[in-house]
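One structure is given here, and the rest of the page talks about it.
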Amino acid sequence: MPLSQKDEALVQLFMAGCHHRWDDLTEMGQTCYSAGCSVPEVRGCIRHLIVAAGYTTCLAAGSRLLAAQLLPVDTPGKVSGPPGNAFELVFDKVAPAVRNQLHQVDPVLGAYISRHAYGDVYSSPGISLRQKELLMCAYLGQANMSDQLFSHIYAAMRFGSDREACEQAMDIGFQRSDANKDEPVEMALRQLDMAAFKMVREFPKGAPEEPEIELLDSSCVCIPELEDAPIRSSGRKTKSGGKSWAAKLTPILTGYYSDVDAGLGGLGGLPTP
């Protein structure tokens, strides 16, 4: 079964963001709404750019849609608390092996990926796990990331997408890419064949019901309030009535650099390097 109009529109929007096609984003966003997408789905698609393309790309894409008045309301996401179980749902039986592989590459990066990318971003509402996996198939195929693509195709299939839908999502990714496509296309089709074969072997009666994210604390999904910035301009009063730390620090630093210029030690008369 081919991609639904809604899923196709979300993949198009996602890939336009991944490739920094800023001039296309407004049209893609409008297409999403014409296809029946909700604001939470469009925001969820844009937020998922964090996983594939990073914070700066996500911010730029969101800013462009906001300026075009295509993000009329804020929608909740998972912003704190224990990680959701998206990592375990996506990687299923091989989750421990994937976690170990990430740790071997870089323990800190592995924690970022499992706890934030999956524990927060993947575990947020907006778009379903099946839709998130279609986005990843589109991105990873054209990026020639064969070591990651198979798991996401297989997850997309386990969550309800068939071979045709996954292939169509990857086709959209290739259409958006300017890179040489020969090797990535061959690789992607090979991974697609392997995932489809495994699906038939593991689930001869068809894909199971799409799972739902489990959260230990549902209050972690919210629209966060803006916290007071700790840094204030010099001399501005804080809410408590006292001067900000920046205002208090300014005369100290001024004295320090005056001493240095005079050839004396810095703070406390300590010698400068």
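The table for this structure:
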quantity	calculated
Least to most buried among Phe174, Phe197 (fewest other Cβ within 10 Å first)	Phe197, Phe174
Segment 85-132: C-alpha gyration tensor shape, a/c 1.5 cut-off, then a/b vs b/c	oblate
Overall form of segment 5-222 per C-alpha gyration tensor (a/c, 1.5; a/b vs b/c)	rounded
Spatially proximal aspartates and glutamates relative to Lys198 (Cα-Cα < 18 Å; intrachain offsets below 8 disregarded)	Asp92, Glu133, Asp147, Asp162, Glu164, Glu167, Glu209, Glu210
Fewest-first sequence of Asp171, Asp182 by Cβ atoms within 10 Å of each Cβ	Asp182, Asp171
Cα gyration tensor shape of segment 76-163, rounded if a/c is under 1.5, else prolate or oblate by comparing a/b with b/c	oblate
Neighbourhood charge, 13 Å Cβ-Cβ cut-off, centred on Ser80 and excluding it, Lys, Arg +1 and Asp, Glu -1	-2
Cβ-based exposure ranking for Val11, Val221, in which fewest neighbours within 10 Å come first	Val221, Val11
Segment 5-222 - percent relative contact order, Cα under 8 Å, separation 6 or more	24 percent
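Rule-based calculations on the coordinates, nothing more; no lab input. Because the structure is a prediction, the values reported are computed rather than measured. Counting neighbours? That spans all protein chains shown, and the Cβs are built from the backbone with ideal geometry, glycine included.
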